[in-house]
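A short write-up of the structure that comes next.
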Amino acid sequence: MIPKWSTALVTVTALGGACSSARPPPRESLARPCSVFLLQTPIHPVLALPDEQGGFVGYGFGDRTFMSTFDWREYPWGAWLVFAGLPGEFTRGAMERIRYRGTTRDELARETRMQIDELVVEGARVDELRRRLDSKIGGRVAELDWLFDTDDGYSLWWDNCHCATAAWLRELGCEVPRIRLVPRFTGWRVER
């Protein structure tokens, strides 16, 4: 007989767990309020930070092989599904860095066709995070002008795009729960 708690865990895992949430700091506590945008599809978030020229640059993290080809055939499915869930690295990670033309939420939504949430955070933290992310970017991957090598490893469950985004949002002063079930397949909710 299967224990009831394991059935509940399997059910929650199969459904993708709860949404990840981010709560920005209170606006009145910010010395230099700055808007950033959280862009997302059902399975991939991108954090758009303002640059020094008044535009926005989107940063995302993911699996180097998949992001360079967008082709799941690169993986032997059986082995990938078994080992991708283990702690530690399974494949090499990659950083995406995309310069957007849009500078407002509506313009970015039209340009990217992604769901977009605006967060207001401390400007100094934004500058620091942007510099740190730019310093992690290596050479181009597969001659793509938006995808770059990084020294970070990737795994499906623990070191993925949602985990990277959660860490970046924490660096910006947002409250993000540390425990999320199956964070790879969950969306983001911005709490006000």
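Which of the residues spanning the range 87-142 are over 21 Å from Ala22 (Cα atoms) and of a type in the set (A, V, I, L, M, F, W, C)?
Hits for the range 87-142 are Phe90, Ala94, Met95, Ile98, Ile137, Val141, Ala142.
What are the residue pairs meeting all of these: first residue in the range 143-154, first residue among the aliphatic types (A, V, I, L, M), second residue at pLDDT 85 or above and in a loop (DSSP other than H, G, I, E, B), Cβ atoms under 7 Å, and 6 or more apart or on different chains?
So the pair list comes out as Leu147/Val141.
Every residue in the range 143-180 that is at pLDDT 80 or above, assigned to a loop (DSSP other than H, G, I, E, B) and among the aliphatic types (A, V, I, L, M), please.
Selection gives Leu144, Leu172, Val176.
State all residues of the range 52-68 that are aromatic (Phe, Trp, Tyr) and farther than 20 Å from Ala142 by Cβ; if no residue qualifies, say none.
Result: Phe56, single match.
Sort out which residues of the range 35-49 are in a strand (DSSP E or B) and either free of Cβ contacts under 8 Å to residues at least 24 places away in the same chain or in contact with a Lys or Arg (Cβ under 8 Å, 6 or more places away or on another chain) (or both), and write them in order of number.
Scanning the range 35-49 gives Phe37, Leu49.
Return the residues of the range 104-136 that are among the polar types (S, T, N, Q), exposed (fewer than 15 other Cβ atoms within 10 Å of the Cβ) and touching a strand residue (DSSP E or B) at 6+ places or on another chain (Cβ under 6 Å); say none if nothing qualifies.
Gln115
For the range 117-153, name all the residues that are of a type in the set (Val, Ile, Thr), closer than 22 Å to Arg32 by Cβ and touching a helix residue (DSSP H, G or I) at 6+ places or on another chain (Cβ under 7 Å).
Hit for the range 117-153 is Val120, nothing else.
Across the range 100-123, what is the number of residues that are assigned to a strand (DSSP E or B) and of a type in the set (S, T, N, Q)?
1
The values are calculated or read from the model by the stated rules, or taken from the named source; none is laboratory data. Not measured: the values here are computed from a predicted model. Virtual Cβ from ideal backbone geometry, glycine too; neighbours counted across all protein chains shown.
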